[in-house]
2 protein chains.
Amino acid sequence: MAKITLKKIAETLGISVATVSKALKDYDDVSPETKAKVKSLAESLNYKPNFLAQSLRNQESKTIGLIIPEIVHHFFASIIAGVINAAKKKGYLVITLQSGESYDFEKKQIELLLDKNVDGILLSLADNTVDYMHLSNLIESGFPIVLYDKITKSIHCSKVVINDQKAAFNATQYLIDTGCKKIAHVRGPLKPQTTIDRFIGYKNALKENDIEFDTSIVFEAPHLSLEDGQKIAKEIYKNHKDVDAVFAFTDLTATGVMVGLKELNVKIPEEVSIMGFSNWLLTRITSPKLSTVNQPGFKMGKQAFKVLYKEIKDRKAKTKVEFKTVELPTKLVIRDSTR
Amino acid sequence: MAKITLKKIAETLGISVATVSKALKDYDDVSPETKAKVKSLAESLNYKPNFLAQSLRNQESKTIGLIIPEIVHHFFASIIAGVINAAKKKGYLVITLQSGESYDFEKKQIELLLDKNVDGILLSLADNTVDYMHLSNLIESGFPIVLYDKITKSIHCSKVVINDQKAAFNATQYLIDTGCKKIAHVRGPLKPQTTIDRFIGYKNALKENDIEFDTSIVFEAPHLSLEDGQKIAKEIYKNHKDVDAVFAFTDLTATGVMVGLKELNVKIPEEVSIMGFSNWLLTRITSPKLSTVNQPGFKMGKQAFKVLYKEIKDRKAKTKVEFKTVELPTKLVIRDSTR
DNA sequence: TTGAAAGCGCTAACAC
DNA sequence: GTGTTAGCGCTTTCAA
């Protein structure tokens, strides 16, 4: 089955390609009769415009790029789903690429996407991205780009984030409200803003409640793994017996702490409350079930696309583009690992 | 920064566009000097060919489509990662779309991708896909398409699968070898081939070991959810006290069975061994840790792309395309939920 | 109301 | 060795 083109339609109808094109787009300088003829033929031949040709001509590919740190990860996978979902509604397709938390990859992926003439890019910064020249240049040149989740204040563009500070504050406050007095915190690797923000939220909650901040019970989980959590559990058990709650940067690590403490016969939540972050699937499977903060990945993906879409439209229309930062609300999900 | 085109280079150098194009492609009918000039200018101007124009001209987009049943799913996410990884190595980008296990979506997504001139499609059948006309037409027309994971025998094209029968056989055999006599099976929804194959593997293992097949201890988990498993656990506890092992279609359901039985004070694995399937993250978090069958998602994604890539190349070269089915090996992962 | 012509950026057959 | 030309399929002036 050879491809149906405008030309073919034009030829069989004995009219010009231009008229066919216009007829199909409902231009009002084409007679109703011609329109009808063209449309019905196009329909019956199952004509599909050639996207490539359209893109080349219109300078837009109706495709966006999505750079994600790790695909195999519940939260990020949700984001992908959200982006694809929102994009489809506007006739956009999405090319997904993985940065693997590496600055070099991140740069390369952006290049790849630009080479492919995507109309915009959705980006979550790799953890070790330190300079932002590659981005600020792009943005300055007028290319639509929206940062999501892992962002940086050093870059001036639209962003979609979770209010990590507030979320962490609420989580910590909940622990305090349920009678915990000595709350440890397991933080992630130093660099990303999320690590910093959740840490600040935690500290602020302590301060607000006149609880002394004790730096010796703030632990770093370098890989945010289960094993990291288990190690930290031992450390807590050994040197910080008075800890009665742990607020961890992410569910997996929280689970690690929980598993570790359970192995040492610490009762959860009677002796120690555990609070995670993200609300992954696994939180419903641990025993006891993990209390956590719901991080709306799917919504974030949708929202990020919407913001990007608006920017793409605005730029096309030469409207002034206003950068904005959208903050998505989180919700505490209280299960059985907290008192 | 206006885009650099061949034309611009040609103009500044005072030569023709054609020569520039050829020089950059190292055609040997261009003088070394010209080549050098062109290349160095292109380099310094940071010239990037326009993909759209190239695609339009060459009738290939260097993009493939990937239709995945569910993105937010450990196994499928691994596949996405594998595909993207392999594709990148060959200069291909991938557009991911989700079928949500719906036949109608599946059809629509394929259309979308074809409209976008992708060079090939990787597809895992939606569970409720029943007729295959949309596919067989495509394949007949010579479009490269490779089925992965959920396939059907009714379609003649290349496929990448796990040997589900063998995997299930081995899993069941292991249960038998460790002394289990009455092994229940929790199967998935009826339609997909995977459900059937794992069931057959289970049955074959029983037969091979002269264990009577008892249809009353084969349960169906309609949603393959944790809850399904929990319900089945109750049923087993109530009406089939002699069951001493459960082989479930997937880890989540296996976990459900395990959680359900534990709530009824059944000892795992002493009284009942539990075997899952897939080796998701959660298997390392349950207590006891779940024994399971490793399903190599990343590898499957890589392999699927490779097969598709070969087909794309072969078709371009007008070589005869030979359909093949690649079977990926699985591995038993024995943890603590089995004796 | 219609169509010829130009052009998006690139490639390739062919002529010089 | 280099350039001319034509064309991939589409859109959009502008002239008829």
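For a straight C-alpha distance cut-off of 16 angstrom, the lysines reachable from B:LYS191 (same-chain residues fewer than eight places away being disregarded) are B:LYS150, B:LYS153. Normalising by residue count, region A:9-83 has a Cα convex hull of 140 Å³ per residue. Ignoring aspartates and glutamates fewer than eight residues from B:LYS289 along the same chain, the ones with Cα atoms less than 15 angstrom from its Cα are A:GLU227, A:GLU263, B:ASP251, B:GLU270, B:ASP336. In plain terms, if you count all Cα to Cα distances in region B:164-294 and split them into 5 Å steps from zero, the share in each step is 2, 12, 25, 27, 22, 10, 2, 0 percent. Remark on region B:1-144: ratio of C-alpha radius of gyration to 2.2 N^0.38 Å is 1.42. Looking at the protein assembly as shown, the DSSP beta bridges with both ends there are about 10 percent antiparallel.
Once the gyration tensor of the Cα atoms in region B:6-49 is diagonalised, the equivalent ellipsoid follows with semi-axes of 14, 11, 9 Å, ordered largest first. Put +1 on the Cβ of every Lys and Arg and -1 on every Asp and Glu Cβ in the protein assembly as shown; which of B:LEU328, A:SER273, B:GLY301 then has its Cα farthest towards the positive end of the dipole? Of the listed residues, the answer is B:GLY301. Each of B:HIS74, A:ALA42, A:HIS74 was placed along the dipole of the protein assembly as shown (beta-carbon charges, centred on the mean Cα), and the one lying farthest toward the positive end is A:ALA42. What do you get for trypsin sites (Lys or Arg not before Pro) in region A:145-221 restricted to DSSP loop and a cutoff of at most 10 other Cβ within 10 Å of the site's Cβ? Here the trypsin sites (Lys or Arg not before Pro) that fit, given the DSSP loop and packing criteria, are A:LYS153. Select from B:GLY14, A:GLN230, B:GLY179 the residue farthest towards the positive end of the dipole of the protein assembly as shown; place +1 on Cβ of Lys and Arg, -1 on Cβ of Asp and Glu, and compute about the Cα centre. Checked the options; the winner is B:GLY14. Checking the Cα-Cα distances for A:LYS306/B:LYS159; B:LYS48/B:LYS90; B:LYS166/B:LYS324; A:LYS313/B:LYS116 against a 29 Å cut-off, the pairs over it are A:LYS306/B:LYS159. Helix B:32-45 versus the longest principal axis of chain B: what is the Cα-based angle in degrees, 0 to 90, to the nearest 10? Helix B:32-45 sits at roughly 60 degrees to that axis. For peptide A:82-92, the mean count of partner chain Cβ atoms within 10 Å of a residue's Cβ comes to 2. Dipole magnitude for region A:108-212: computed about the Cα centre from +1 point charges on Lys and Arg Cβ and -1 point charges on Asp and Glu Cβ, it is near 320 debye. For region B:1-93, trypsin sites (Lys or Arg not before Pro) are listed when DSSP marks them as loop and at most 14 other Cβ atoms sit within 10 Å of their Cβ; the list is B:LYS3, B:LYS25, B:LYS90.
Please identify the GluC sites (Glu not before Pro) of region B:185-255 that satisfy two criteria: DSSP loop assignment and at most 11 other Cβ atoms within 10 Å. Which are they? Sparse-neighbourhood loop GluC sites (Glu not before Pro): B:GLU212. At q = 0.14, 0.15, 0.21 Å⁻¹, what log₁₀ I(q)/I(0) does a Debye calculation on the Cα points of region B:65-121 give, no solvent, two decimals? Summing over Cα pairs of region B:65-121 leads to -0.37, -0.42, -0.80. Rounded to the nearest 20 debye, the dipole size of the protein assembly as shown about its Cα centre is 1860 debye, using +1 on the Cβ of Lys and Arg and -1 on the Cβ of Asp and Glu. Counting only Cβ charges, +1 for Lys and Arg and -1 for Asp and Glu, the dipole size of chain B around its Cα centre is about 1400 debye.
Across region B:208-277 the C-alpha pair distances fall into 5 Å bins from zero in the proportions 4, 18, 32, 26, 15, 6, 1 percent. With the convex hull of the Cα atoms taken as the outline of the protein assembly as shown, the averaged projected area works out to 35.7 nm².
Note on A:VAL118: accessible area is roughly 10 Å² with a 1.4 Å probe, heavy atoms of protein only.
How much of the pair distance distribution for region B:259-330 lies past 14 Å, counting alpha-carbon pairs only, in percent? The calculated P(r) of region B:259-330 puts 71 percent of pairs beyond 14 Å.
Quick one: in region A:253-294, what % of C-alpha pairs are over 16 Å apart? Roughly 25 percent, rounded to a whole number. Summarising the overall dimensions of chain B from its C-alpha atoms, the Rg and Dmax are 26.1, 88 angstrom.
The values are calculated or read from the model by the stated rules, or taken from the named source; none is laboratory data. Here the structure is a predicted model, which means the values were calculated and not measured. Every residue, glycine among them, receives a Cβ derived from its backbone with ideal geometry; neighbour counts consider all protein chains shown. We work out accessible area using only protein heavy atoms, side chains counted, and drop any ligands, DNA or RNA first. Shrake-Rupley method; radii C 1.70, N 1.55, O 1.52, S 1.80 Å.
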